[in-house]
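Novice: Dumping the structure here so I can ask a few things about it.
The values are calculated or read from the model by the stated rules, or taken from the named source; none is laboratory data. Predicted model only: the values in this text are computed from it and were never measured. We place every Cβ from the backbone using ideal geometry, glycine too, and count neighbours over all the protein chains shown.
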Amino acid sequence: MFKFSEISDMCIKCGKCIPGCTIHRVNPDEATSPRGFLDILKGVEEGDIQIDKTFKDTVESCFLCNQCVEICPNSLPTDFMIENARNLVAKKFGIAWWKRAFFFLLRHRWAYDLIAKLGFYFQSCGFKIEENKKSIRSRFSLPMLEKGRLLPAFRKKTFLKKYPEEIKGSGKRRVAIFIGCLANYNYTEVGDALVKILKFLDIDIFIPKKQACCGAPAYFTGDFETTEYLIRKNIAYFESFIDEVEAILVPEATCMAMLRKDYEEYIKHYMDEEWLKRYKKIQGKIFSTTEWLYKYTNLREKLNKKNLTLTYHDACHCAKVFSIRKEPRELLKKVVKIEEMEDSNLCCGFGGITIQSEKFHLARKEGLIKAEMIKKVNADIVSAECSACRMQITEHLDKVGDNKLFKHPLEIIAEAIE
């Protein structure tokens, strides 16, 4: 069993983690506070607490937003503890059939491509198309979804199939794009915008066609077998081109954090030293898109002002994990006026596959809090560097009757160089 006590014993029970905790805000119970999680996990290790349905319900209630990790005086990796606890749950109770089916798609791109293609042609059978939001509203309940959910629509052609593997620029600089599943299958305009920006900067673009899912959905669910399979697959593939690019750009906050932080945590605990050495050669070249564009290009000097007002939401896996807050704003303020919301750092409540399905009542509570906050701002657009946030915020803005459009920062920047 994972040694939970090594971290739990370092918790000084100061309670600084509680005020900003996402799950504690919508379900104020000490058991589901960060320090409560740590005590429970130590109790499991010592045999005082059983891995039963109550334990399963408790550890699956965390949003994994990393607020507690960011604010903790000892920077305790509570998120890593929860992920390991979910692995114990998965071993004890198994994983729901539809999650296993989804993780099969993550392992096998050809299968996901096929489902996406069928989904594009048949999604209107069970869903109502919402063209203005490029999303679909379910007309009936599925085993894992509530009726009436607003979900991202599949696109006719995935991002990875829209472009050649190599797009030539000046030949002086070359970067790779790791697109992420939502941006590949649903929000393809994100990748389109990144390609347009890199072309504008005259940078050679490499789109690795054999890239697999980063593994975050499986990892956050406790499916470590799928997680390790995808880690090994991606690292082996990245090694084949890493020396030929100066960066791997990731437009999705969660994918970027998985590749840049969670891979390291997992490899250190569950894989050998050789894999860690191989990963370290790759890790330093992984960047969020706005972070890299801000730090390593002169893009800011080339942008045109537009008559738009924007409010910016800090995606948890950019802001709380890597403190990437300044970079997107510095780029965007060259294009639009930014009106800050009351708390841009407040988690939107997406929370991952389990929260979005089996515990959507929690996602709904947090989503409505965030949506009401955004609604108060006099802005045309809401933006964040994360398609999971896009999915969650779009749905809940709809629920509170706010017609702001969600756009990724890259989309706004791409429009400013036309």
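Novice: Give segment 298-314 a look and list any residue that's under 20 Å from Val382 (Cβ atoms) and surrounded by 11 or more Cβ atoms within 10 Å (Cβ to Cβ), or say none. Give the derivation first.
Specialist: Start the filter on segment 298-314 by keeping residues that are under 20 Å from Val382 (Cβ atoms), which leaves 303, 305-314.
Result: Leu303, Lys305, Lys306, Leu308, Thr309, Leu310, Thr311, Tyr312, His313, Asp314.
Novice: List pairs: first residue in segment 316-330 and within 12 Å of Asn345 (Cα to Cα), second residue surrounded by 22 or more Cβ atoms within 10 Å (Cβ to Cβ) and among the hydroxyl-bearing types (Ser, Thr, Tyr) anywhere in the structure, Cβ distance under 8 angstrom, at least six positions apart or on different chains.
Specialist: If the second residue must be surrounded by 22 or more Cβ atoms within 10 Å (Cβ to Cβ) and among the hydroxyl-bearing types (Ser, Thr, Tyr), the pairs left are His317/Thr254; Cys318/Ser288; Ile324/Ser288; Ile324/Thr290.
Novice: Another question, if that's okay. Determine whether Ile374 is assigned by TED's automatic domain parsing to the domain that holds Ile338, at pLDDT 95 or above, among the hydrophobic types (A, V, I, L, M, F, W, C) and closer than 30 Å to Lys56 by Cα. Explain how you work it out, then say what you get.
Specialist: On the way: assigned by TED's automatic domain parsing to the domain that holds Ile338: yes; at pLDDT 95 or above: yes; among the hydrophobic types (A, V, I, L, M, F, W, C): yes; closer than 30 Å to Lys56 by Cα: no.
For Ile374, the condition - assigned by TED's automatic domain parsing to the domain that holds Ile338, at pLDDT 95 or above, among the hydrophobic types (A, V, I, L, M, F, W, C) and closer than 30 Å to Lys56 by Cα - is not met.
Novice: Collect the residues in segment 84-111 that are surrounded by 14 or more Cβ atoms within 10 Å (Cβ to Cβ) and closer than 13 Å to Thr226 by Cβ, keeping them in residue-number order.
Specialist: Across segment 84-111, the qualifying residues are Arg86, Asn87, Ala90, Ile95, Lys99, Arg100, Phe102, Phe103, Leu105, Leu106, Arg107.
Novice: Moving on to the next point. Could you please let me know if Phe406 is of a type in the set (Phe, Trp, Tyr), in contact with a Leu (Cβ under 8 Å, 6 or more places away or on another chain) and touching a residue at least 12 places away in the same chain (Cβ under 8 Å)? Write out each step before concluding.
Specialist: Values: of a type in the set (Phe, Trp, Tyr): yes; in contact with a Leu (Cβ under 8 Å, 6 or more places away or on another chain): yes; touching a residue at least 12 places away in the same chain (Cβ under 8 Å): yes.
Judged against the criteria, Phe406 is a match.
Novice: Which ones in segment 54-70 are on the phi > 0 side of the Ramachandran plot and buried (at least 24 other Cβ atoms within 10 Å of the Cβ)?
Specialist: Leu64
Novice: Please specify each residue of segment 347-358 satisfying the condition of being surrounded by 19 or more Cβ atoms within 10 Å (Cβ to Cβ), touching a residue at least 60 places away in the same chain (Cβ under 8 Å) and part of a loop (DSSP other than H, G, I, E, B).
Specialist: If the condition is that a residue be surrounded by 19 or more Cβ atoms within 10 Å (Cβ to Cβ), touching a residue at least 60 places away in the same chain (Cβ under 8 Å) and part of a loop (DSSP other than H, G, I, E, B), then Cys347, Gly349, Phe350, Gly351, Gly352 are the ones that fit.
Novice: When Lys268 is evaluated against the numbered criteria (1) in contact with a Phe, Trp or Tyr (Cβ under 9 Å, 6 or more places away or on another chain); (2) in the same structural domain as Cys181 (by TED's automatic domain parsing), which criterion, by number, is the only one it fails?
Specialist: Going through the list (1) in contact with a Phe, Trp or Tyr (Cβ under 9 Å, 6 or more places away or on another chain); (2) in the same structural domain as Cys181 (by TED's automatic domain parsing), Lys268 breaks only (1).
Novice: Still on this structure, I have one more. Suppose we keep only residues that are charged (D, E, K, R), in a loop (DSSP other than H, G, I, E, B) and in contact (Cβ under 8 Å) with a residue 60 or more places away in the chain within segment 369-403. Which one would you say is surrounded by the fewest Cβ atoms within 10 Å (Cβ to Cβ)?
Specialist: Among those residues, the one meeting the criterion is Asp380.
Novice: Glu83 - would you say it is more than 20 Å from the chain's Cα centre (by Cα) and not assigned by TED's automatic domain parsing to the domain that holds Gln356?
Specialist: So Glu83 fails the test.
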